[in-house]
Amino acid sequence: MSLANTAHSVVEPSSGTRRFAGSLVILYAVITMIPLIWIVLTSFKSPDDAISYPPKVLFEPSLEGYCNLFTTRSRQTPEFIQTLGPAQGLCDGIARDRNMVVAGPSNYVPRFINSLIIAFGSTVLAVALGTLSAYGFSRFRVPLKDDLLFFILSTRMMPPIAVAIPIYLMYRTIGLSDTRLGMILLYTSVNVSLAVWLLKGFIDEIPREYEEAAMIDGYTRFQAFVKVVLPQATTGIAATAIFCLIFAWNEYAFAVLLTSGNAQTAPPFIPIIIGEGGQDWPAVAAGTALFLVPIVVFTVLLRKHLLRGITFGAVRK
């Protein structure tokens, strides 16, 4: 049978099958979105509504969770509060309604900035090093290539707890404990293996003839890599960057062990937000909701590259 006849003989799914598949996708999307929606709703609840039972779906919205997230408060007597004059802003007014005053800013913003610097810094380094390594493995004869690639991949198989103590002792000795540089280097080393394996597959799909033609025209190997290979691999680089950023952004185990103040990121900080009388769930939910924003924005901006990267294969020899 010819290839044309084989293509014509493919059975298209029926309309009922397509509707059923679409319904399953929508149902799955709704189920996965429920926790995120509940987190956002909780961030706009008062502390009493957040812990009410049964849980409240309809409630009076409040910004108390966000105010508690960004400020620290101290309890004062009503007489003292009356001597302070009018409330200075929304958060101060909310605090005074509970016989409290705003004492100053919280540590959430510095922790959030640490997350941005460490996650994006390690992602840039991991993708850059991974692209160069993947190009070398793809284009050159590397001795023991398969063994080296397997060794690189095997570093992802090791659970963090297995190397946590040695890394902690090493970092404490060389002065990288609780530093942004130390966390960037650690996350980079973890993500490089993923970047190499993902990008090698993308670069393998780019025909060598493109580079050879460029070098015949006078380009050096590096110029051909920059002007020919990199533009063709943009899709793979974007997809790899998203996966590397997701790991670095959400990582918790190393952040808890190796940071405590100066370089602490948001994931270890958010669960320990304590209000008066226990966990401040609206503030925790507010911190979580805001923590989702950068990764969602980054993924949305690169969504076209991500979809093309997952189904890459349009450029073939």
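The values are calculated or read from the model by the stated rules, or taken from the named source; none is laboratory data. Since the structure is predicted, the reported quantities are computational estimates derived from the model, not experimental observations. Don't worry about glycine lacking a Cβ; one is built from the backbone with ideal geometry, like all the others, and counts go over all protein chains shown. Surface areas here come from the heavy atoms of the whole protein model, side chains and all, with no ligands, DNA or RNA. Shrake-Rupley method; radii C 1.70, N 1.55, O 1.52, S 1.80 Å.
Yes/no per residue for (1) outside any helix (DSSP H, G or I); (2) touching a residue at least 60 places away in the same chain (Cβ under 8 Å):
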residue: Ala119; (1), (2): no, yes
residue: Val127; (1), (2): no, yes
residue: Met157; (1), (2): yes, no
residue: Ala164; (1), (2): no, yes
residue: Phe202; (1), (2): no, yes
residue: Ala214; (1), (2): no, no
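For segment 175-186, indicate whether the set of residues that are among the acidic types (Asp, Glu) and open to solvent by 90 Å² or more (accessible area, probe 1.4 Å) is non-empty.
For segment 175-186, residues among the acidic types (Asp, Glu) and open to solvent by 90 Å² or more (accessible area, probe 1.4 Å): absent.
Could you please give the count of residues in segment 158-211 that are hydroxyl-bearing (Ser, Thr, Tyr) and within 20 Å of the chain's Cα centre (by Cα)?
5
Are there any helices (runs of 4 or more DSSP H) wholly within segment 13-90 with 1 or more residues that are under 15 Å from Ala286 (Cβ atoms) and out of contact with any strand residue (DSSP E or B) (no Cβ under 9 Å at 6 or more places or on another chain), and if so which?
Qualifying helices (runs of 4 or more DSSP H): 15-43, 47-50, 64-70.
Filter segment 73-85 down to the residues that are open to solvent by 100 Å² or more (accessible area, probe 1.4 Å) and at pLDDT below 80 and list them by number.
Matches in segment 73-85: Glu79, Gln82, Thr83.
Among the residues in segment 141-153, are any in a helix (DSSP H, G or I), touching a helix residue (DSSP H, G or I) at 6+ places or on another chain (Cβ under 9 Å), under 23 Å from Ser260 (Cα atoms) and open to solvent by less than 60 Å² (accessible area, probe 1.4 Å)?
Checked segment 141-153: no residue is in a helix (DSSP H, G or I), touching a helix residue (DSSP H, G or I) at 6+ places or on another chain (Cβ under 9 Å), under 23 Å from Ser260 (Cα atoms) and open to solvent by less than 60 Å² (accessible area, probe 1.4 Å).
Where residues in segment 218-230 are open to solvent by 20 Å² or more (accessible area, probe 1.4 Å) and of a type in the set (A, V, I, L, M), which of them is nearest to Val124 (Cα to Cα)?
My answer is Leu230.
The rows are residues; the columns are (1) without any contact (Cβ under 8 Å) to a residue 40 or more places away in the chain; (2) open to solvent by 20 Å² or more (accessible area, probe 1.4 Å); (3) within 21 Å of Thr188 (Cβ to Cβ).
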site: Gln232; (1), (2), (3): no, yes, no
site: Ile237; (1), (2), (3): no, yes, yes
site: Thr240; (1), (2), (3): no, no, yes
site: Phe243; (1), (2), (3): no, yes, yes
site: Ala248; (1), (2), (3): no, no, yes
site: Asn262; (1), (2), (3): no, yes, yes
site: Asp280; (1), (2), (3): no, no, no
site: Ala283; (1), (2), (3): no, no, no
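Looking at Phe59, is it in contact with a helix residue (DSSP H, G or I) (Cβ under 6 Å, 6 or more places away or on another chain) and surrounded by fewer than 19 Cβ atoms within 10 Å (Cβ to Cβ)?
Yes; evaluated as a whole, the condition is true for this residue.
I'd like to check something: does segment 91-104 contain any residue that is in a helix (DSSP H, G or I), farther than 30 Å from Phe70 by Cβ and open to solvent by 40 Å² or more (accessible area, probe 1.4 Å)?
Checking segment 91-104: not a single residue is in a helix (DSSP H, G or I), farther than 30 Å from Phe70 by Cβ and open to solvent by 40 Å² or more (accessible area, probe 1.4 Å).
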